[in-house]
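Remarks on the structure that follows.
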């Protein structure tokens with residue numbers, strides 16, 4: 001909760017809260033298992049390039065909110081955290097259309 005509060009206060013003080021586009025990026029499980037420099041050697045997808053993905057969204061003028069989850073993160077608890085972060089932006093006055101949630105899925 002402190003991180004969410006810090007994020008909102010920082011954005012309000014910077015004057016970037018209203019009109020900005022926010023993107024929550026939820027990485028694939030491989031990053032949770034191996035870290036941000038994960039490499040898929042089983043299916044042949046290669047390096048995950050987590051930081052490059054985030055940078056690509058930043059270059060499109062999104063404020064990117066993401067973190068490399070720790071191994072064995074409780075999925076329900078993490079989903080609730082994301083909901084609280086989105087709700088915090090909405091309560092602060094960010095238009096819902098300026099909030100995007102993107103995630104990778106394991107197949």
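Quick check on region 42-95: of everything there that is at positive phi and free of Cβ contacts under 8 Å to residues at least 60 places away in the same chain, which residue is farthest from the chain's Cα centre (by Cα)?
So the first thing to find is which residues in region 42-95 are at positive phi, and the list is 44, 46, 49, 61, 72, 93.
Remaining after also requiring free of Cβ contacts under 8 Å to residues at least 60 places away in the same chain: 44, 46, 49, 61, 72.
Working: 44: 25, 46: 22, 49: 15, 61: 14, 72: 18 Å.
The qualifying residue farthest from the chain's Cα centre (by Cα) is 44.
Collect the residues in region 75-95 that are touching a helix residue (DSSP H, G or I) at 6+ places or on another chain (Cβ under 8 Å) and part of a loop (DSSP other than H, G, I, E, B), keeping them in residue-number order.
92
Can you spot a residue in region 35-49 that is outside any loop (DSSP other than H, G, I, E, B) and closer than 18 Å to residue 94 by Cβ?
For region 35-49, residues outside any loop (DSSP other than H, G, I, E, B) and closer than 18 Å to residue 94 by Cβ: absent.
Within the group 72, 98, which residue is surrounded by fewer than 15 Cβ atoms within 10 Å (Cβ to Cβ) and in contact with a helix residue (DSSP H, G or I) (Cβ under 9 Å, 6 or more places away or on another chain)?
Unique residue meeting the criteria: 72.
Values quoted throughout were computed directly from the atomic coordinates according to the rules given, and no laboratory measurement underlies them. Keep in mind that this is a model prediction, so the values were computed, not measured. Positions of Cβ are backbone-derived with ideal geometry, glycine not excepted, and every protein chain shown enters the neighbour counts.
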